[in-house]
Ligand code: THU
C-alpha cells in the first residue's frame, strides 16, 4: 500500500497549481476501506486564498462523506527534494478529521520518510470540546 501511495503522490505533484511559490505539494488521505483521496496545493493571485495539499485531500474525503474514524492516514510529499511538514492551519484540520493515533507520513521525492502520530504532530488542539 505504501509503495502505491508513494507513486501516487509523486505522479500527483504534476497537478499542483503553484505558480507563485514554485513549491508543489501532493497529499493523499487513506480510509479504513483503502480508498485514497488525493490533493495538491492550489495557489491564488491573492496568495491568501491558497489551499494546501493536505487540506485539499482531507476536504475531498469529507466532501465524499468521510468523517473522523474513516480516515486512517495522511501522506504528504513536497517537490523540493526534502521532507516537508504540514503547516499549522493544516494541522488544525488534521486534528478535526483524523484520530489522535492516525499516522501522518511525510515523504521526499527521493524516498526519505518521516512518520508521526497525529497526536504528536498536533498537541493541544482546539476542538469541539472547547466550544461546548
Ligand atoms: N503548502 C502545502 O501545500 N502544505 C503545507 O503544509 C505547507 C505549505 C503549500 C502552500 C503554498 O502553495 C506552498 O506550499 C508554499 O507555502
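For the range 2-131, what's the relative contact order in percent, using C-alpha pairs closer than 8 Å and at least 6 residues apart?
20
Calculate, for residue 88 and residue 116, the FRET efficiency according to 1/(1 + (r/R0)^6) with r their C-beta to C-beta distance and R0 22 Å; round to the nearest 0.05.
Result of the calculation: an efficiency of 0.95.
Any chance you could list P(r) for the chain, counting all Cα-Cα pairs in 5 angstrom bins from zero, rounded to whole %?
In order of increasing distance, the bins hold 2, 11, 22, 24, 21, 13, 5, 2, 0 percent.
How much of the calculated P(r) for the range 1-60 lies past 14 Å, in percent of all Cα pairs?
The calculated P(r) of the range 1-60 puts 53 percent of pairs beyond 14 Å.
Using Cα-only point scatterers and the Debye equation, what is log10 of I(q)/I(0) for the range 27-85 at each q in 0.23, 0.26 Å⁻¹, rounded to two decimals?
Treating every Cα as an identical point scatterer, log10 I(q)/I(0) equals -0.89, -1.01.
The range 38-61 to the range 7-36: how many Å between their Cα centroids?
Between the Cα centres of the range 38-61 and the range 7-36 lies a distance of 10 Å.
Full extension from residue 7 to residue 34: what is 0.36 nm times the residue separation minus their Cα-Cα distance, to one decimal in nm?
That works out to 8.2 nm of additional length.
Rule-based calculations on the coordinates, nothing more; no lab input. Quick caveat: nothing in here was measured; it's all calculated off a predicted structure. With ideal geometry, Cβ positions are generated from the backbone for all residues, glycine too; neighbour counts draw on all protein chains shown.
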